[in-house]
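Throughout, read-outs are computed from the coordinates displayed, never taken from laboratory work. None of the values given here were measured: they were computed from a predicted structure. All Cβ positions, glycine included, derive from the backbone under ideal geometry; neighbour counts span all protein chains shown.
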Amino acid sequence: MTKLAKILSLVLALTMLAGVALGEGAQLAAEAQTEVDMDAYEATSAEVYELVLGEFYKIYMEAKDPTISVSERYAKMAIAEAKLMGSAVMIPLESRGGNYAITRIAPRSANSTLWGNDADRVHQLIIVKEGILTSEQVNHLRDLWNEVHGTGTYDGLAKAYLAEQGYELTDVYNYAYTSDPNTWDVLATSKQADSRAIINTYDGLYEYDEENIQQPALATGYTVSEDGKTYTFTIREGVKWVDSQGREVADVKADDWVAGMQHMCDAAEGLEFLVTAAGCNIVGAEAYINGETTDFSTVGVKALDDYTLEYTLVDPCAFFTTMLGYGVFAPMSRDYYTSQGGQFGADFNAEAETYLYGKDPDHIAYNGPYLVTNSTAQNTIVFQANPSYWNKDHINIHTVNWYYNDGTDALKAYNDFKAGILCGVGLTSSSLVQAKEDGLFDDHHYISATDATSFMGFFNVNRHAFANFNDATKAVSPQTVEDAARTNAAMKNIHFRRALLMSLDRGAYEAQSVGEDLKYAALINSYTPGNFVYLEEDATVEINGESKTFPAGTYYGEIMQAQLDADGVAAKVWDPETGMSSGFDGWYNVEAAQAELAIAVEELAAEGVVIDADHPIYIDVPTFTGSEIYNNREEALKQSVAAASNGFIVINKVACPTSGEWYYAGYYFNQGHEANFDLCDLSGWGPDYGDPQSYLDTMLPDYAGYMVKALGVY
C-alpha cells in the first residue's frame, strides 16, 4: 500500500445526459481537481482493475502455479497475454531499432541479450576512429558474429577485419542522450533513463558479453543445491570500491549484495517485486517488503563469509540466473552508503537532509569500468575509465561522452554524426533525406536490429490528473468537466477501447520518424515478443473452456493468436510464415474499429452517454510540439482516428513545448493518479530476465505491477 495520504482527483459523474451543451462558462477539468482520501482512490483502482483486467489476472495467476511444467506455464501466460491485449488497455507501438542507420561502431560489439541492463554496457564497443563503416562491412561483421558467437572470438576477429579494411580504432565513445538520470542509485529506480547511465559504474555477479554468453564478473563461480532453491556464489577477491575521484573507499565483499538487496527493498522504487512471489521469490523478501517483519536476517540473502554469498528461494526458479544482469541484483558498499547518510529498515529516509546517496554521481561508490567525472544537466555526462577496475586491461573504450539532445532539431544528431561528434546515428524521416542528399546513404546505410523492448501507447482508464503533477500550469487539458466525464465512461468500455486501438494507422505514425520505406520494420503487435519463448514439450491448456494441445516447438505468439481468434478479436499478433509478432500492423483495421465503435455507442447510450459526430469523445494525448517528428506522429494518430471513427473520437494534442513537460505528463509520474493523459505513447518496457513473467508482472494490481500505473490505477 502507498504511504500517501491524499491525492488530487476529479470527482466525475459517469452518467451524462444526451446532448449536454457546453457553454463558454463550462468549467475546465483541470480547475475541478479536488482532494480525496487515498482509501477511496485505491478502492476505485481495485474496481477498475477488475473491470478491465480481471480475466487476464485470473489466468495469469494460474500460469504462475509452481507445480505446472515450464511449457504449460508459457502456454497459459500466452493465453493471459491474449486476454490482456484483447482488453485494449494499450496499443503496441514499436521496439527499439528497425530504422536506417549509419555508424562507426562494429555491430554486435555490445551485448544484445533481450533482457536485463547489460545491453547498455559500452566497455566492449569496437569503434573506428575515422571514416564510416560501409553497408558491406556492417553486413560482413553481422555475418561474422552469427558464425562465431559463443566461441569468444568475435572481438579479436572483428578488430582484425577492420584493420584489414584500413581502419584505426578509437577508445572514445560519443553518444546522444535525451533525458538526464533522476537518480544515480541503481537500486532505487526502474527507469531506463537512469539505469542506462548507472550500469557503466558497477559490475554485478555475472554479465552477458558481446556474444550474449553470461560470464563471471564479480563472482568467479556458483553452485546450485540439489533441490534447486539455493545458489551459492564465490565472490572475486581484491576488487575495490572507489569514489568518483578514484579514491578507494572499501573492498568488494559478499555483504555488498546483502546491503544492496536490503536497500532495494527499503527504497521500494519498482524493483522490489522481482524478488517476491511475483519474481524469483527469495525467502522472506515479500514479508520484509510488506512490513510483516523488520528483521532483514530473515531474508534469504546471506554473506556466509567475506567472499561467499548465498541466495535461497522459496521454489526453484528457472530464470533466476538470467536476472543477474539487472539492477535488482546490484551490489552496494554498506560502509559507503551509511557514510552518505543512508540507513536501513525503518530508519530509511531518502528525503532526510543528511541523505546524499545517489543524489549525483559524486555520491555513489564505483566498482565498474567507469567513473563519472562530469555531469552537467541537459548538457554533458563524461565517463572515464576506472584505474582501479578489476578488468581494466580488457576494455576497449576508455572515455564515454554523453551529449544532450533536446529533440527540437530533427537534424542535430545526424549533423553531429557527420561532424564526427557522435559515433552512430539512426536516420529519421528528416535525416534520411539529408543523408541521401549528402551521398552518405547509398554506401553506408544499414537497418538496425530490433530488440525486445515494447513501447506501448497506454490508455488511462481511471484518469484523475488534467495538468502535470509537478507543475499545474503545464500540459493543461482543454477538456471541460463534462468532456472528462464522458471520456471517463467511454474509456471503461472495452469496445470503445478496441475501436480506438484499431483506428490507429501505426504505419503512418511510424513513417513520421523512420520514413515510408521502414514504417513497419519496428512495429510490434504484442507486449511480449511472440518469439520470446517456445514450448519445449507438448502442453495442454484450455482455450475458452475447450482443451487444446500445443506441440513442442510452438511459439508463445502462436498461442496468443489462438486465444485472440477464439475471442473474436480482429487482430493479428503472430505471422507463422516469418515466425514473428513484429514487422507488420496487425491491429489497424478500420472495418473492425467501426464495428467495435457501433457496439460501444449502443452500450454507452444505455448509460446516458451519447456519442456521435456532434458529441465526440475527446482523447488527450500529450504532444512534444518542440519536436517536428513527435508532433507529426501525433498528427498522424489524430487523423487516422478521426477518419476511422467518422469524427466520433477526437484527439486533443495537448501541447508540450519542451521534452521535460512531455515527460512529466506521461513518464515521470510514480502513481496512476498523476498520469496526465487519456492516451500516451511515451513509455514501454524491456524485460528484466528471460521469461514472459518479466513483461506480464508489470500489469499486476495493488502497486505490484510497474506499468499498471499508466492505466490510471495504483
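Considering lysine pairs in the stretch 185-369 that are 8 or more places apart or on different chains, how many have Cα atoms under 21 Å apart?
So the count works out to 5.
Just add up the charged neighbours of residue 658: K/R +1, D/E -1, any other residue whose Cβ is under 10 Å from the Cβ of residue 658. Walk me through the numbers on the way to the answer.
On the way: positive: 474; negative: 406, 661.
Around residue 658, the surrounding residues sum to -1.
Taking R0 as 60 Å, what's the FRET efficiency between residue 160 and residue 615 from their Cβ-Cβ distance, rounded to 0.05?
Step by step, r from the Cβ atoms, then E = 0.30.
Distances longer than 21 Å among the Cα atoms of the stretch 185-369: what percent of all pairs is that? If you can, show how the numbers build up before the last one.
Numbers: 7992 of 17020 pairs.
Here the long-distance tail beyond 21 Å is 47 percent of all Cα pairs in the stretch 185-369.
What net charge do the residues around residue 143 carry, taking every other residue with its C-beta under 14 Å from that of residue 143, with Lys and Arg at +1 and Asp and Glu at -1?
0
Using only Cα atoms, find the angle between the long axis of helix 556-566 and the longest principal axis of the chain, and express it within 0 to 90 degrees, rounded to the nearest 10.
Taking the Cα atoms of the chain, the angle to 556-566 is about 10 degrees.
Ranked highest first by the average count of other Cβ atoms within 10 Å around their residues, in what order do 112-119, 578-585 fall?
Descending mean neighbour count gives 112-119, 578-585.
For the stretch 185-369, what is the charge dipole size about the Cα centre, in debye to the nearest 20, if Lys and Arg each add +1 at the Cβ and Asp and Glu each add -1 at the Cβ? Walk me through the intermediate numbers first.
Values: 10 positive and 31 negative charges, 29 e Å.
With only Lys, Arg, Asp and Glu charged at Cβ, the dipole is about 140 debye.
Along the charge dipole of the chain, Cβ charges K/R +1 and D/E -1, which of 434, 106, 198 sits furthest on the positive end?
Positive-most Cα among the choices belongs to 434.
List the equivalent ellipsoid semi-axes of the stretch 456-589 in whole Å, largest first, each obtained as the square root of 5λ for an eigenvalue λ of the Cα gyration tensor.
Output for the stretch 456-589: semi-axes of 35, 21, 13 Å.
Residue-wise, which Karplus ³J(HN,Hα) couplings in Hz belong to the stretch 155-162, taking 6.51 cos²θ - 1.76 cosθ + 1.60, θ = phi - 60°, and x for glycine or proline?
Coupling constants for the stretch 155-162: 3, x, 5, 5, 5, 5, 5, 5 Hz.
For the pair residue 359/residue 67, report the inter-label distance in nm, with labels modelled 7 Å from Cα in the Cβ direction.
In this crude spin-label approximation the distance works out to 5.3 nm.
Mind checking the full-extension length gain between residue 146 and residue 415? Use 0.36 nm per residue of separation minus the Cα-Cα distance, one decimal, nm.
93.6 nm
Run the numbers on the chain and let me know its relative contact order in percent, using alpha-carbon pairs under 8 Å that are six or more apart. It would help to have the intermediate numbers written out before the result.
Numbers: 1566 pairs, mean separation 144.4, N = 714.
Over the chain, the number comes to 20 percent.
Arrange the peptides 306-317, 141-152 so that the one whose residues have, on average, the most other Cβ atoms within 10 Å appears first.
Working: 306-317: 18.2, 141-152: 14.3.
Output ranking for 306-317, 141-152: 306-317, 141-152.
For the chain, what is the convex hull volume of its Cα atoms per residue in Å³?
Roughly 156 Å³ of hull volume per residue.
Can you list which of the GluC sites (Glu not before Pro) found in the stretch 148-241 are DSSP loop residues with at most 16 other C-beta atoms within 10 Å?
168, 226, 237
Go through 516-524, 622-630, 454-462 and give me the packing order, highest mean Cβ count within 10 Å leading. Spell out each step's value before the answer.
On the way: 516-524: 20.6, 622-630: 22.1, 454-462: 23.8.
Packing proxy ranking, top to bottom: 454-462, 622-630, 516-524.
Nearest 5 percent is fine: what portion of the DSSP beta bridges confined to the chain is antiparallel?
On the way: 67 of 81 bridges.
Taking every DSSP beta bridge within the chain, about 85 percent pair in antiparallel fashion.
Roughly how many Å is it from the Cα centre of the stretch 256-271 to that of the stretch 643-699, as a whole number?
Between the Cα centres of the stretch 256-271 and the stretch 643-699 lies a distance of 27 Å.
Suppose R0 equals 45 Å. What FRET efficiency, 1/(1 + (r/R0)^6) with r the Cβ-Cβ distance, do residue 391 and residue 47 give to the nearest 0.05?
Values: r = 53 Å, r/R0 = 1.17.
After rounding to 0.05, the efficiency reads 0.30.
Taking a point 7 angstrom from the Cα of residue 55 along the C-beta vector, which residues in the stretch 530-561 have backbone N less than 20 Å away?
In the stretch 530-561, the label zone of residue 55 (backbone N under 20 Å from the point 7 Å along Cα→Cβ) covers 541-549, 557-561.
To the nearest 10 degrees, how steep is helix 481-491 against the longest Cα principal axis of the chain, on a 0 to 90 scale?
In the chain, helix 481-491 runs at an angle near 70 degrees to the longest axis.
No other cysteine beta carbon under 4.7 Å away is the test; run it over the chain and list who passes.
Within the chain, the cysteines lacking a partner Cβ under 4.7 Å are 265, 423, 656, 680.
Would you mind checking the tilt of helix 38-63 against the longest principal axis of the Cα atoms of the chain, expressed as 0 to 90 degrees and rounded to 10?
Helix 38-63 sits roughly 70 degrees off the main axis of the chain.
Considering only C-alpha atoms, what is the centroid distance from the stretch 377-434 to the stretch 146-181, in Å?
With the stretch 377-434 and the stretch 146-181 each reduced to a Cα centre, they are spaced 15 Å.
Sum up the charges of everything whose Cβ sits under 15 Å from the Cβ of residue 379, counting Lys and Arg as +1 and Asp and Glu as -1, but leave residue 379 out.
Taking every other residue near residue 379 into account, the sum is -3.
What FRET efficiency, computed as 1/(1 + (r/R0)^6) with R0 = 41 Å and r the Cβ-Cβ distance, is obtained for residue 380 and residue 215, rounded to the nearest 0.05?
0.85
Averaged across orientations, what area in nm² does the convex hull of the alpha carbons in the stretch 586-714 project?
Details: hull surface 39.2 nm².
Computed as one quarter of the Cα hull surface, the answer is 9.8 nm².
Taking a ≥ b ≥ c as the square roots of the eigenvalues of the Cα gyration tensor of the stretch 520-564, is the shape rounded (a/c under 1.5), prolate (a/b larger than b/c) or oblate?
Taking the square roots of the gyration eigenvalues as a ≥ b ≥ c, the stretch 520-564 is oblate.
Work from the charge dipole of the chain (Cβ charges, +1 for Lys and Arg, -1 for Asp and Glu, about the Cα centre) and give the residue of 651, 86, 340 farthest towards its positive end.
Towards the positive end, the residue furthest out is 651.
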